[in-house]
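Colleague: This is the structure, below, for whatever I ask next.
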Amino acid sequence: MIHFHEADIQKRPFQPKNKLNLKMKMIALIGLLILAIVLVIGIFLSTFITETLETQLGKQALSVAESVALNPDIALAFETDNPAAIIQPLVSPIQQSTDAEFIVVGNRDEIRYSHPNPEQIGKKMVGEDNERALFYGDSYVSEATGSLGNSLRAKVPIYSGNDIIGVVSVGFLADDIQTLIGDYTHELWLMLVIIATVAIGVAIAIATYIKRKLYGLEPEEISRLLFQKETILQSTHEGIIAVDDKGHITLLNHMAQQLLFGSEKNMDELIGKPIRQVLPTSDLPEILETHKSRFDKEQLYGSHAVYVNSGPIYYEDTLVGAVSTFRNKTEIDRLTKELSHVKQYANALRAQTHEFSNKLYTISGLVHLNKKQDVLDFIRMEHDIQQEWIQQVIDKVTDPLISGILLGKLNQASEQQVQLVIDPDSRLKAPLPEQQSRALVTAIGNLIDNALDAVKKLPIENRRIALYFTDVGDDIVLEIDDSGPGIPKGQEQYLFEVGVSSKAGTDHGYGLSTTKQLIDLAGGELLAEESELGGACFVVSLPKKEIGL
């Protein structure tokens with residue numbers, strides 16, 4: 001048995017509410033994450049764009065320089081007296097069409113034969129980065145400061161045969177490159193800011209949705225409610241098993257484990273397993289298929305007889321699973337037995353009270369009529385009857401509970417004008433244990449009530465009930481006969497089932513089934529047969545040896 005103590009629950013601290021609720025926390029955290037991601041991506045792309053543009057412009061400059069260096073007219077111009085007059089007109093259109101900042105052609109002495117500024121023609125090239133092209137024949141891209149400023153430029157040697165006769169320098173100014181890079185990065189950061197803004201808006205929507213799905217609860221409140229739910233679930237006196245829409249176990253409390261499996265299986269091992277595998281006789285798979293509930297179905301699991309209630313679980317009109325609850329049948333039977341005893345005693349007292357009231361009214365009427373002798377005779381007659389009943393019961397029965405129920409039923413039968421006769425040979429002297437005493441009290445009460453109902457529609461002279469009991473020998477035997485219509489044909493095999501009754505209405509069919517259960521628990525037997533009086537005869541047999549008498 002699982003015990004939950006109030007002190008243990010109170011030890012769990014109730015955390016105070018933070019200044020930021022769950023929604024604001026989610027927005028802040030997701031927003032910070034988005035901003036961090038955007039910042040990292042922005043820095044990476046800015047660097048990538050800068051390097052890519054510089055590489056592409058360098059390749060473009062190198063390509064233009066190679067096309068100029070391979071122009072045969074350029075090489076031939078070096079052999080003339082005024083190479084600049086030929087080379088400058090050839091280079092200027094190429095510079096304009098390629099958007100290069102400058103295209104400079106120089107000889108081995110680095111004397112310019114072309115330049116965007118004609119005044120610089122004939123002067124020495126600036127930058128001191130021509131050595132690799134002029135002396136080693138390399139084609140390359142470098143960054144240096146020339147006459148027009150800092151620039152990214154390509155250097156390509158000019159050949160005449162196998163000899164290097166000059167160099168071509170094609171460049172783009174660094175300021176123009178940075179301006180171009182700035183335009184690209186500006187667009188990039190603008191797009192990233194828009195993406196971040198949209199992402200934060202989506203984060204707000206997600207946080208609002210999650211908050212709504214959590215019914216506005218904070219994490220601390222959810223934690224407390226989960227603990228309370230688990231405590232209630234495990235402390236309830238009924239077994240509970242729930243499955244999802246696939247038939248896999250999602251919930252199982254300790255009482256269900258004890259009722260269904262005992263200590264054979266661990267509760268945690270059962271979670272997630274198919275219910276058909278764990279409990280082949282469970283109604284839950286059928287509940288998932290039919291969507292219909294079942295109530296008070298009696299089943300046997302191990303040594304426990306239980307009543308099972310099963311029903312589907314819906315969420316927003318969608319089937320999400322099913323649940324079964326298990327109630328220990330023994331406990332319910334015990335409560336039923338207690339209620340049956342109370343009802344029987346109440347009926348007996350009511351019958352005695354009603355009968356006594358009628359007799360008082362009779363005595364009162366005789367007194368008003370001044371019939372004193374008749375009053376005395378009536379009182380003496382009733383006294384003799386009561387004494388006869390009491391003496392008869394006391395002489396024949398030792399158990400006070402059985403004596404009490406017999407006296408009550410004698411008065412009840414007298415009130416209903418039914419002749420209830422106890423066989424003169426009846427006796428029940430042996431001391432009875434509690435279980436057997438309660439079983440007999442229930443049997444006498446329910447069986448005589450059924451007999452009274454069976455004969456009440458007959459003429460008064462035909463209303464007869466005979467009662468016989470004995471403890472002679474190894475068995476306690478109780479026999480009740482009535483002169484009623486008997487057991488309806490076709491109901492013999494269903495007579496002791498719950499809900500089976502020949503009476504109209506829905507509140508019948510429990511007396512015989514309860515009596516049968518109690519007699520069975522006491523190790524006895526309840527039989528029904530045809531009575532010698534013409535109606536039904538019920539026989540109760542309890543073996544004394546099995547109860548230690």
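The values are calculated or read from the model by the stated rules, or taken from the named source; none is laboratory data. Nothing here was measured: the structure is a model prediction, and the numbers come from that model. Calculation scope for accessible area: heavy atoms of the full protein, side chains included, ligands and nucleic acids excluded. Shrake-Rupley method; radii C 1.70, N 1.55, O 1.52, S 1.80 Å.
Colleague: Would you mind checking the pairs K456/K516; K456/K489; K329/K516; K25/K211 and listing those with alpha carbons more than 18 angstrom apart?
Modeller: Values: K456/K516 24 Å; K456/K489 20 Å; K329/K516 14 Å; K25/K211 11 Å.
Flagged as over cut-off: K456/K516; K456/K489.
Colleague: Starting from 0 in steps of 5 Å, tell me what percent of the Cα-Cα pairs of segment 246-296 lands in each bin.
Modeller: For segment 246-296, the pair-distance distribution reads 4, 19, 28, 28, 14, 7, 1.
Colleague: Of H368, H186, H115, which has the most accessible area and how do the rest follow, probe 1.4 Å? Intermediate values should be presented prior to the final figure.
Modeller: Working: H368 155, H186 120, H115 5 Å².
These residues rank, largest area first, as H368, H186, H115.
Colleague: How would R153, R108 line up by accessible area, probe 1.4 Å, largest first? Spell out each step's value before the answer.
Modeller: Details: R153 10, R108 105 Å².
Heavy-atom accessible area, descending, gives R108, R153.
Colleague: How much solvent-accessible surface does K429 expose, in Å² to the nearest 10, with a 1.4 Å probe and all protein chains in place?
Modeller: My reading of the accessible area for K429 is about 80 Å².
Colleague: From the Cα trace of segment 272-311, what convex hull volume per residue do you get, rounded to a whole Å³?
Modeller: 73
Colleague: Over all alpha-carbon pairs in segment 197-332, figure out the percentage whose distance exceeds 22 Å.
Modeller: Details: 4374 of 9180 pairs.
Result for the distance tail: 48 percent.
Colleague: Follow-up. Normalising by the residue count of segment 24-118, find the relative contact order in percent from Cα pairs under 8 Å and 6+ residues apart. Please list the in-between numbers first.
Modeller: On the way: 50 pairs, mean separation 16.1, N = 95.
That works out to 17 percent.
Colleague: For Y140, tell me the accessible area in Å² from a 1.4 Å probe, rounded to the nearest 10.
Modeller: Number for this one is 20 Å².
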